[in-house]
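Asks: My questions will all concern the structure given below.
The numbers here are math on the coordinates, done by the rules we state, and not lab data. No experiment lies behind these values; they were computed from the predicted model shown. For neighbour counting, all protein chains shown are included, and Cβ atoms are generated from backbone atoms with ideal geometry for every residue, glycine included.
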Amino acid sequence: MRGSIGLFLAATLLMSLSPGPNVFLLVSLGLRDGAAAVLKASAGIAVASVIFLAVSALGLVAAFAASALLFRGVCYAGAAYLVYLGLRMLLGARHAVAGAATESVRPLPRPFLQGFVTHLANPKAVLYWSALLPQFLDLGVPLAPQVLLFGSLGIVLDVIVLSSYGLFAAAARRGAVPGGLQRAVNIAGGAFFVCAGLLLALAQYRA
């Protein structure tokens, strides 16, 4: 069990460190709005992860994935939100002019909701709970306690890593982030969100 936990945490760490929608969201929030927004968005991500955990513990992930209509509906809604968020970031990039004060940029609204919806719509999160986690379960013992143990550890580690990205960006913000860097992050993150949303919708359309 200890060896399995170690391997599981290592795999979770690698997935958390890899750039994705959550990383771009938290870095952008950190640069634009500071640590408070990062922590709110991280809380939203954590709540979404708890929902994934509850669904996994109840053994409904496979049923959810098997329900094509329900799964596609959630994916389309998430894809639309990612595109919307990406467009907001791209539009906000033009306000990040060189030498402008970070505080002059209008904060993105509802960071908790952004973190929550972004994580629910994150294909990597679905892959994590439906494909990665089952690889570490022992079918010879009750599954629910294992899912709760591994899932809880994974959520804590994931939130710590993701929050660190955002808080580091927030710390850089306090040190007067150049407008060009902020603009570049907004453009890169916005383009990533728009592309991710469109690709997610296209994948569901072709399925």
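Asks: Where Lys and Arg each count +1 and Asp and Glu each count -1, what net charge lies around LEU17 among other residues with Cβ under 14 Å from its Cβ?
Replies: Details: positive: LYS124; negative: ASP158.
The answer is 0.
Asks: Describe numerically, in nm with one decimal, the distance between label points set 7 Å from Cα along Cα→Cβ at LEU137 and at ILE187.
Replies: 4.6
Asks: Taking a spot 7 Å from the Cα of LEU202 along the direction of its beta carbon, which residues of the range 1-45 have an amide N less than 19 Å from it?
Replies: Taking a point 7 Å out along Cα→Cβ of LEU202, the residues of the range 1-45 whose backbone N falls under 19 Å are 20-21.
Asks: Multiply the residue separation of ALA57 and LYS124 by 0.36 nm, subtract the distance between their alpha-carbon atoms, and state the gained length in nm to one decimal.
Replies: Values: separation 67, 0.36 × 67 = 24.12 nm, distance 1.86 nm.
Residue separation times 0.36 nm, minus the Cα-Cα distance, leaves 22.3 nm.
Asks: Going highest first, how would you order 31-43, 6-18, 159-171 by mean Cβ packing within 10 Å?
Replies: Details: 31-43: 22.2, 6-18: 15.1, 159-171: 19.5.
The peptides rank, most packed first, as 31-43, 159-171, 6-18.
Asks: Continuing with this model, one more query. So, counting K/R as plus one and D/E as minus one, what does the shell of residues with Cβ under 15 Å around VAL47 add up to? Mind dumping the intermediate values first?
Replies: Details: positive: LYS40, ARG110; negative: ASP158.
Residues close to VAL47 contribute a combined charge of +1.
Asks: Now, a different point. Between ILE5 and ALA144, how many nm apart are label points set 7 Å from Cα along the C-beta direction?
Replies: Label at ILE5, label at ALA144, 2.1 nm between them.
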